[in-house]
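Just so it is clear, none of the values below were taken in a lab; they were calculated from the coordinates. Owing to the predicted nature of the structure, the values given are computational and were not obtained by experimental measurement. Using ideal geometry, Cβ is built from the backbone for each residue, glycine included, and neighbour counts are taken over all protein chains shown.
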Ligand code: ATP
Ligand code: MG
C-alpha cells in the first residue's frame, strides 16, 4: 500500500485500509480495559431502558391518570418518576465516566506505544519523516482513534438500545403501525453507507493538513531567525495561510457530508412519521388506539429520531477514527532497526577495519566506494576531505545507524553486524556534527542516559576536561542550570563543549569526533585539543576536521574525495606526496595565516 503523503501533496489519491483489519487491531487496545467497558455498556443499557420506559409510561399516565382519574395511581406516579430519574442520572454519570476512562486509556496507550516504537526506528526513517508528521500522529490522529473506539461504542450501545427499547414500546402499542418504520431502514442504510466512505477519505486528507500545519509552525518556530534575517515573513505567512485554509476547507467538506446525511435520515424518518400519524388517526376513529396509546406511540416515534440521528452521525465519527487508526498503525508498522546480532561485547579493544565497503543511501546514489583501511587499538585516525565527500557517512556506519552497506566492517575482528546492537553502540562516544542537547540541566546533559550511575564529581571532572567548567560556573545555577530547547541559551562553542564532556564521561573505547571543535575559537580549541589528547591516549579515535591544524598529530590521516579513499598516511608522508592533502594544507595556510602559527604550536 502506498504511503500517505505527509508533506504537501494533497492531490494524491488516498488509500483506505481494510476497516475490519483496523478494527480488530483497535480491539486489542480496547479490550484491555474490558472492566470499565462493561460498566459503560451495562449502564448505557439501563439508561436507554429508562428512557424507553418513560415513553411507555405516558400511556398509563394518560389512560389511568387523566382519563380514568385513578387517584391512587396519581398519588405514587410523581414519586416513581422522581426515583427513576435519580437512577437515570446515576447511570448517565457512570456510563460517561467509564467511557471517558476507556478512551483516555486507549489514547495514553497508543501514545506510549508510538513513543516506544520511535525509539527503535532506524535513522533512515528519520531522514524521511518530518517531526510535524510524527507530532500530528501523536496528538491528533490518536485522539480521533479514541473517539472511534470507546466513545462510539458507548453512543452505539446507548442509541441502539434506545431504538430497540422504543421499538418494543411501539410494537406493544400497535405492531401494524410500527411495521411502517421498518420500511425506512434500508433507505437509512443506503444514506449512511454513501456518506461514510466519503467521510473516511476526507478524514485522511484532514490529517494530512494537520500534519502540514504542525510542520509549518514548527519550522517557523525553529527557524525564526532565518525567516526574519532573510525577510521570509510574507512568504511563510502566505504558505501558512494556504495550509490553514486547506484544513478549513477539508473540515467543512466533512461537516457538509455529515450534515447532509443527518438531515436526509431525519427527513426519511419524518415522512414515515407523518404516514404513521395519518394512519393512526384513522385507527383512532376505529378506536384501536386509546388516547394514552396514541400519545405514547407518537412520543416513541419522535423520541426514536434522536438516537437514529446519533447512530448516523456516529458513523461519520467512526470513519474519522478509522482514518486516524490507519495513520497510527502505519507509523507503528514502520520497520524497526534490525538487531540480529547475538554476540555480546563488554568493552572492545578498539580495532576497526573497513573491507571493500560500498554504501548508498536510499536514493541509490553511491556515497562510499570501495573503502579499505584499518585502525589499531588506541590509534587516532583523522578523516579529511571536501564537504560532501562521505566522512560523516563513514563514521555513521560504525554504530550501525545505517545498514545495507556491502563489504565488511569489523570491530575487534568481528563483523559489527554480529554484535548485539546495544552492546555495539556502547563502544562509541560520539560528538556529532550537529550537537544535540536536551531541554534539561547541564548536569543531566553531560550524564545523559546514565545520570543515576555517575557521581557529581565525575560530571564535574568531565566538564573540566572539556574546558566547560569555566563557563558553567558562571551560570546562575552552575551545573543545574536549565539550558533551553536544544541548548539555545548557550553559545555554539559552549554547546560543543557540553557535548564533548558528555563523550568524555561515557568513557567508551572508541571516540568519534565529527567536527567536534569547529565552533570553538582557536584558543579554546587548543585547550580542548590538549584535553582530548589525554582522552585519546588509550582509546581508538576517529576525528573528522576541516581545520587541518587539529589533526596533524593523528597516527593516520585518511583523505576522502567523492566517496573514495584517495590518500592515507601520516602528516609528513602526505605532505611529501604532494597530493590532495598537501594541496589542502597549503591552501588553508595561505588563506588563513593565523592558523599557520597555530599549526606550529599545537
Ligand atoms: P561535511 O564535511 O560537509 O560534513 P561529509 O563528508 O561529512 O561532509 P556526508 O555527510 O557523509 O559528507 O555526505 C556524503 C553524501 O551523502 C552527500 O552527497 C550527501 O548529500 C549524502 N547524504 C548525507 N546524508 C544523507 C542522508 N541521510 N540521506 C541521503 N543522502 C545523504
Ligand atoms: Mg559531515
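Label-to-label distance, residue 218 versus residue 537, with points set 7 angstrom from Cα along the beta-carbon direction: 4.5 nm. Between residue 546 and residue 521, the modelled label-to-label distance comes to 2.0 nm, taking each label 7 Å out from Cα in the direction of the beta carbon. Residues of segment 50-71 with backbone nitrogen within less than 12 Å of a virtual label 7 Å along the Cα-to-Cβ line of residue 290, please, listed as ranges. Only 57-70 fall inside the zone, counting backbone N under 12 Å.
I need to check one value: relative contact order of the chain, counting alpha carbon pairs closer than 8 Å and at least 6 residues apart, in percent.
Working: 865 pairs, mean separation 88.9, N = 602.
So the answer I get is 15 percent.
Note the angle between two axes, namely the Cα long axis of helix 175-222 and the longest principal axis of the Cα atoms of the chain, as a number of degrees from 0 to 90, rounded to the nearest 10. Once rounded, one gets 20 degrees. Extension gain for the segment residue 240 to residue 179, taken as residue separation times 0.36 nm less the Cα-Cα distance, is 16.5 nm to one decimal. Between segment 394-452 and segment 315-363, how many Å separate their Cα centres? So the separation of the two Cα centres works out to 15 Å. Annotation for residue 109 and residue 439: the two label points, set 7 Å from Cα along the Cα-Cβ direction, are 2.9 nm apart.
With both bridge residues required to lie in the chain, what share of the DSSP beta bridges run antiparallel, to the nearest 5%? Can you show the working numbers first?
Working: 19 of 39 bridges.
That works out to approximately 50 percent antiparallel.
You can think of it this way: the chain between residue 278 and residue 343 has 15.1 nm of extra reach, that is 0.36 nm per residue less the Cα-Cα gap. Taking Cα atoms only, the orientation of helix 522-536 departs from the longest principal axis of the chain by about 90 degrees. Against the chain, whose longest principal axis is taken from its Cα atoms, helix 71-118 shows a tilt of about 20°.
Using R₀ = 60 Å, calculate the FRET efficiency as 1/(1 + (r/R₀)^6) where r is the Cβ-Cβ separation of residue 372 and residue 255; round to 0.05. Display every interim value, and only then the final one.
Numbers: r = 63 Å, r/R0 = 1.06.
It comes out at approximately 0.40.
Mind giving me the FRET efficiency for residue 336 and residue 425? R0 is 22 Å, r the Cβ-Cβ distance, nearest 0.05 is fine.
Working: r = 15 Å, r/R0 = 0.67.
The computed FRET efficiency comes out at 0.90.
Apply the a/c threshold of 1.5 to the C-alpha gyration tensor of segment 450-592 and tell me whether it is rounded, prolate or oblate. Since a/c reaches 1.5 and a/b is larger than b/c, the shape of segment 450-592 is classed as prolate.
Let a ≥ b ≥ c be the square roots of the eigenvalues of the Cα gyration tensor of the chain; is it rounded (a/c under 1.5), or, if not, prolate (a/b larger than b/c) or oblate?
Working: a/c = 3.32, a/b = 2.90, b/c = 1.14.
Because a/c hits 1.5 or more and a/b exceeds b/c, the chain counts as prolate.
A Förster radius of 56 Å, combined with the Cβ-Cβ distance separating residue 583 from residue 21, puts the computed FRET efficiency at roughly 0.40. Counted residue by residue at 0.36 nm each, then reduced by the alpha carbon distance between them, the extension gain from residue 69 to residue 228 reaches 49.0 nm.
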